[in-house]
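The structure appears below as structure tokens.
Values quoted throughout were computed directly from the atomic coordinates according to the rules given, and no laboratory measurement underlies them. This structure is a prediction, so every number in the text was calculated from the model and none was measured. FYI the Cβ positions are ideal-geometry reconstructions off the backbone, even for glycines, and counts take in every protein chain you see.
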Amino acid sequence: MKYSFRQLEVFLAAAHFQNITRAAESLAMSQSAASSALKELENQFDIQLFDRVGKRLQLNELGRLYRPKVEAVLAQASELEQALSKHTEVGALKVGATLTIGNYLAVGVMAQYMNTPDHPRVSLEVANTSTIARRVKDFELDIGLIEGELQSPELDVLPWRGDELVVFCSPTHPLANKSSLSDEDLRNATWIMREPGSGTRQSFERGMHGLLPDLNVLLELEHTEAIKRAVEADLGIGCLSEVVLADAFKRGSLVPLTVPEHRKFDRQFYFILHKQKYRSAGIDAWIKLCRQLR
């Protein structure tokens, strides 16, 4: 770039005051430095921007032509400087989410985020907890939203919101009419489960401690909708997030089952970020929108 912003500032100040001394004072410069800056700007492009009448500077035709262009350049530069210093610009984000969150919660947050004044773009990758964690560790994602507990020295794991798994079946399943299930019922049931490595499977296994070796798992599926369809077809019973099941319960296509009180299926959703990842305004805005979800 042949010109500097300082040279452009001197040009505008000189155009305003029509005097190089007053222009220099307004910019906290010496008169000689301001005069040199203006002269260098003209010499670099072999142009003359002012008619000089004694100590008075008067914009000529070429100076009047370029003045609004210079004002626009400096205005944009000022806006950028403010944004960089205050970190207020909301930019594009690469978000990773586990299946429950990605399919049932994250899309609504994306819509709100992208409808902000700058209309930033968001890319969303949906995978299981272990995959999302690995991608955040490798700086391939800006932030992860997971439903499984995680311990990693490289990641910050921040609590987001609570969730609860619900055991469920079809309305025609033999267990549908039982007011409460016993451990024996759970042991004798046929299960349709999420795959190992998913946060849902992790929470389920924690809640079913003591029964795991005896469980009859017929299918392990990666997608929650496939599990719901299999349970609707009476292939077995399942256990998924209440977020996933709410609409099916309202329709009556699936029904919740009450498990013994000592079986705890509550859990947390978390944000994960690399500890060395810069917390941009975009990341902060995304977290804020997520926390506003009801």
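I need the phi-derived Karplus couplings for region 250-256: 6.51 cos²θ - 1.76 cosθ + 1.60, θ = phi - 60°, integer Hz, Gly and Pro marked x.
With the stated coefficients, region 250-256 comes to 5, 6, x, 6, 9, 10, x Hz.
Return the distance in nm (one decimal) between the two label points of a simple spin-label model at residue 107 and residue 253, each offset 7 Å from Cα along Cα→Cβ.
1.4
Once the dipole of the chain is set up with Lys and Arg at +1 and Asp and Glu at -1 on Cβ about the Cα centre, which of 215, 257, 199 lies farthest towards its positive end?
The residue sitting farthest along the positive end of the dipole is 199.
Ratio of Rg to Rh for region 5-85, alpha carbon only, Kirkwood?
For region 5-85, the value is 0.98.
Sort the chain into rounded, prolate or oblate with this rule: let a ≥ b ≥ c be the square roots of the eigenvalues of the Cα gyration tensor; rounded if a/c is under 1.5, and if a/c is not under 1.5, prolate when a/b is larger than b/c, oblate otherwise. Before the final figure, lay out the partial values.
On the way: a/c = 4.95, a/b = 3.96, b/c = 1.25.
Taking the square roots of the gyration eigenvalues as a ≥ b ≥ c, the chain is prolate.
Roughly speaking, what is the stretch gain from residue 125 to residue 48, that is 0.36 nm per residue apart minus the C-alpha to C-alpha distance, in nm to one decimal?
22.1 nm
Which residues does the label zone of residue 261 cover in region 146-185, counting backbone N under 17 Å from a point 7 Å along Cα→Cβ?
Answer for region 146-185: 179-183.
Need one word for region 163-266: rounded, prolate or oblate. Basis is the Cα gyration tensor (sqrt eigenvalues a ≥ b ≥ c); a/c below 1.5 gives rounded, then a/b vs b/c decides.
Verdict is rounded for region 163-266.
Give the peptides 178-190, 5-17 in descending order of average Cβ contacts within 10 Å, highest first. Kindly include the intermediate steps, with their values, before the conclusion.
Values: 178-190: 14.2, 5-17: 19.2.
Most protected by this proxy first, the peptides run 5-17, 178-190.
When you count, for each residue, the other Cβ atoms within 10 Å and take the mean per peptide, how do 107-118, 223-234 rank with the highest first? List each step's numbers first, then the result.
Details: 107-118: 14.2, 223-234: 17.2.
Those peptides, ordered most packed to least, come out 223-234, 107-118.
Provide the packing ranking of 138-147, 21-30, 75-84, i.e. peptides ordered by the mean count of other C-beta atoms within 10 Å per residue, highest first.
138-147, 21-30, 75-84
Tell me which of 24, 153, 176 sits at the most positive position along the dipole axis of the chain, charges placed on C-beta atoms (Lys, Arg +1; Asp, Glu -1).
Comparing the listed Cα positions along the dipole, 24 ranks first.
Taking residue 2 as the anchor, which aspartates and glutamates have their alpha carbon closer than 18 Å to its alpha carbon, excluding any fewer than eight residues away along the same chain?
Once the sequence-local aspartates and glutamates are set aside, what remains near residue 2 is 40, 42, 46, 71.
With +1 on each Lys and Arg Cβ and -1 on each Asp and Glu Cβ, and nothing else charged, work out how big the dipole of the chain is about its Cα centre, in Debye to the nearest 20.
1080
Mean residue ellipticity at 222 nm from the helices of the chain, using -39,500 (n - 2.57) per DSSP H segment of n ≥ 4 over the full residue count, to the nearest 500 deg cm²/dmol?
Taking each H run of at least 4 residues, the total per residue is -13500 deg cm²/dmol.
Between residue 291 and residue 242, how many nm apart are label points set 7 Å from Cα along the C-beta direction?
Result: 2.2 nm between the two label points.
At R0 = 51 Å, how high is the FRET efficiency between residue 80 and residue 184 if r is their beta carbon distance? Nearest 0.05 is fine.
It comes to 0.15.
Calculate the spin-label point distance for residue 72 paired with residue 40, positioning each point 7 Å from the Cα along the beta-carbon direction, and give it in nanometres.
Each label point is offset 7 Å from its Cα along the Cβ direction, giving 2.6 nm.
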